[in-house]
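The values are calculated or read from the model by the stated rules, or taken from the named source; none is laboratory data. It should be emphasised that the depicted structure is a prediction, and the values quoted were computed from it without experimental measurement. Neighbour counts are summed over all protein chains in view; Cβ atoms, including those assigned to glycine, are modelled from backbone coordinates with ideal geometry. Each accessible area value is taken on the protein alone, full model and side chains, heavy atoms only, with ligands, DNA and RNA left out. Shrake-Rupley method; radii C 1.70, N 1.55, O 1.52, S 1.80 Å.
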Amino acid sequence: GAVVSQHPSRVICKSGTSVKIECRSLDFQATTMFWYRQFPKQSLMLMATSNEGSKATYEQGVEKDKFLINHASLTLSTLTVTSAHPEDSSFYICSARAGGHSSYEQYFGPGTRLTVT
Amino acid sequence: AQKVTQAQTEISVVEKEDVTLDCVYETRDTTYYLFWYKQPPSGELVFLIRRNSFDEQNEISGRYSWNFQKSTSSFNFTITASQVVDSAVYFCALSPYNQGGKLIFGQGTELSVKP
């Protein structure tokens, strides 16, 4: 089956620093990748959709200057949390979709737990 | 508006009981997909099922079964003879066909199966 990895799985950083999270599709080419955020005991909220080679599309209320997304290749997307603050502490999950518009299979990464102190 | 509602926040059952997790969705689209995912304490989402809006057949997979009713916009999930390993948070999700594959998740139902 299709595998999506995330790195790191867990990161602790100090307030004001930036953190980069990688999302890789290991055995397929992902034309679209999605980034979700999940606070404790809450649902997954879509942050942005990224298509390879183009700018990400952010959901309403998500600060694009704070959450920088780069989808530089068909197997890698990165999310950078800039100037992180404690309220950014959350579980970040990526997913990847292969194929075109008609493809609906979406594969999730294992998530990255970010703690900002 | 597109929305998924899982009214049951937490459910607790004793092992071997049957349990049904409810999911009600809202969409104006005629083409869409519905999903169920399991999220164990590790956090990694586990795909359980996908249904498209034109396929109302119920499905059974082992102890799991799903009841899709377009008339009531519901896509309920039943676990038969529950086991402790079924303890997890279960999410129902909606993916409108023309929105690039994005998933709209319900609030999740935390299922606790006690021995």
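For region B:95-115, filtering for residues that are of a type in the set (D, E, K, R), surrounded by 15 or more Cβ atoms within 10 Å (Cβ to Cβ) and part of a strand (DSSP E or B) leaves 1. What residue, among those in region A:55-100 that are more than 20 Å from A:H7 (Cβ to Cβ), of a type in the set (S, T, N, Q) and within 14 Å of chain B (Cβ to nearest Cβ), is least open to solvent (accessible area, probe 1.4 Å)? Looking at residues that are more than 20 Å from A:H7 (Cβ to Cβ), of a type in the set (S, T, N, Q) and within 14 Å of chain B (Cβ to nearest Cβ), I get A:T57.
Let's see how each residue does on (1) under 17 Å from A:L46 (Cβ atoms); (2) not polar (S, T, N, Q):
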{"site": "B:D18", "(1), (2)": "no, yes"}
{"site": "B:L34", "(1), (2)": "yes, yes"}
{"site": "B:S42", "(1), (2)": "no, no"}
{"site": "B:D55", "(1), (2)": "no, yes"}
{"site": "B:R63", "(1), (2)": "no, yes"}
{"site": "B:G101", "(1), (2)": "yes, yes"}
{"site": "B:Q107", "(1), (2)": "yes, no"}
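Where in region A:56-117 are the strands (runs of 3 or more DSSP E), entirely inside, with at least 3 residues that are of a type in the set (S, T, Y)?
Working: elements: A:67-73, A:76-81, A:90-98, A:106-108, A:112-116.
Correct list: A:76-81, A:90-98.
Go through B:R28, B:R63, B:R50 for me and flag whichever is out of contact with any Asp or Glu (no Cβ under 6 Å at 6 or more places or on another chain), among the basic types (K, R) and at pLDDT 95 or above.
Unique residue meeting the criteria: B:R63.
A:T31 meets each of the listed conditions (1) closer than 17 Å to A:P110 by Cα; (2) in contact with a Ser or Thr (Cβ under 9 Å, 6 or more places away or on another chain) apart from (1). Looking across region B:24-43, the residues that are over 11 Å from the mean Cα position of the chain (by Cα) and either open to solvent by less than 30 Å² (accessible area, probe 1.4 Å) or among the hydroxyl-bearing types (S, T, Y) (or both) come down to B:T27, B:T30, B:T31, B:Y32, B:Y33, B:Q39, B:S42, B:G43. In region A:39-48 there is no residue that is in contact (Cβ under 8 Å) with a residue 40 or more places away in the chain and touching a Gly at 6+ places or on another chain (Cβ under 6 Å).
Filtered by the rule that a residue be over 30 Å from B:T109 (Cβ atoms) and outside any strand (DSSP E or B), region A:42-55 gives A:E52, A:G53, A:S54, A:K55. Any residue that is surrounded by 14 or more Cβ atoms within 10 Å (Cβ to Cβ), modelled with pLDDT under 95 and within 14 Å of chain A (Cβ to nearest Cβ) - is there at least one of those in region B:77-90? Within region B:77-90 (the criterion being surrounded by 14 or more Cβ atoms within 10 Å (Cβ to Cβ), modelled with pLDDT under 95 and within 14 Å of chain A (Cβ to nearest Cβ)), the answer is no, since none of the residues qualifies.
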